[in-house]
Every structure is written in structure tokens, then in C-alpha cells.
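What follows is a short report on a single structure.
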Amino acid sequence: DRLVNLSFLQIHNNRFTGTVPSGIGNFSSLGALTVHQNDLTGSIPSEICDIRQPNGKLVTLIADCQGDNPQISCECCSDCRLG
């Protein structure tokens, strides 16, 4: 409940592993989420896609979802980068 007003979550360029947590979709005021340049795998959860514009405030969503063998699958990213 404390992070409901969070507007930017930039966790790119780290060594995070695992998957992107679906709970990030609860941050309804989030305008930018950057998770690229990590070792994350899987898919961007639908809960995060649900807060993308026009339904929500999320404008910028960047992940490693580009290339022949992307690290992350993303149906709603605003910018796909090479992992």
C-alpha cells in the first residue's frame, strides 16, 4: 500500500535474475518501468500490461524482448531491447 504513488521504477542494468513480479501491476500510478539489461526471463505479466495506457498510466515499459532469442516475452512493451 505504501508504493501506490510510485511513478518510476527503473531497475535496469543490474544482475537481477528470475521473472518480473506480477505485483508490480498493483502500482497503479507507475508511469515508467525499465527492466532491461538484467538476466530476467519469462514473460511480462498481464497485470503489468493492464496498467499500460490507455487503461492505466504506464507509458514507458522497456525490457529485453528483441532479437531471435529474447530473454523476455512482452506483449505490451513500449521499447524492446536486445538482452
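Which members of the range 46-83 meet the condition of being polar (S, T, N, Q) and over 17 Å from L6 (Cβ atoms)?
Once the filter is applied, which keeps residues that are polar (S, T, N, Q) and over 17 Å from L6 (Cβ atoms), the range 46-83 yields S46, N55, Q66, N69, Q71, S73, S78.
Given the criterion within 21 Å of S7 (Cβ to Cβ) and either in contact (Cβ under 8 Å) with a residue 40 or more places away in the chain or not basic (K, R) (or both), identify the matching residue among S28, S43. First the steps, then the outcome.
Details: S43 fails: within 21 Å of S7 (Cβ to Cβ).
Matching residue, one of S28, S43: S28.
Just one of the numbered conditions (1) within 10 Å of the chain's Cα centre (by Cα); (2) surrounded by 15 or more Cβ atoms within 10 Å (Cβ to Cβ) is not true of P21; which one?
Just one mismatch for P21, condition (2).
From (1) touching a strand residue (DSSP E or B) at 6+ places or on another chain (Cβ under 8 Å); (2) open to solvent by less than 30 Å² (accessible area, probe 1.4 Å); (3) of a type outside the set (K, R), pick out the condition that doesn't hold for C80.
Failed condition: (2).
Report yes if some residue within the range 40-57 is at negative phi, in a helix (DSSP H, G or I) and surrounded by 18 or more Cβ atoms within 10 Å (Cβ to Cβ); otherwise report no. Give the derivation first.
Step one: filter the range 40-57 for residues at negative phi, giving 40-41, 43-57.
Narrowing the set further to residues that are in a helix (DSSP H, G or I) leaves 46-49.
Retained after the next criterion (residues that are surrounded by 18 or more Cβ atoms within 10 Å (Cβ to Cβ)): 48-49.
Yes, the conditions are met somewhere in the range 40-57.
Can you say whether Q10 is surrounded by fewer than 15 Cβ atoms within 10 Å (Cβ to Cβ), closer than 18 Å to D79 by Cα, out of contact with any strand residue (DSSP E or B) (no Cβ under 9 Å at 6 or more places or on another chain) and not acidic (D, E), as far as the supplied structure shows?
no
Restricting attention to the range 60-73, which residues are more than 15 Å from Q37 (Cα to Cα) and open to solvent by less than 70 Å² (accessible area, probe 1.4 Å)?
Matches in the range 60-73: T60 only.
Here is a check on your reading of the model: is L3 more than 12 Å from the chain's Cα centre (by Cα) and open to solvent by 20 Å² or more (accessible area, probe 1.4 Å)?
Yes; evaluated as a whole, the condition is true for this residue.
The values are calculated or read from the model by the stated rules, or taken from the named source; none is laboratory data. None of the values given here were measured: they were computed from a predicted structure. Positions of Cβ are generated from backbone atoms using ideal geometry, with glycine treated the same way; all protein chains shown enter the neighbour counts. The area values use the complete protein model at the heavy-atom level, side chains included, leaving out ligands, DNA and RNA. Shrake-Rupley method; radii C 1.70, N 1.55, O 1.52, S 1.80 Å.
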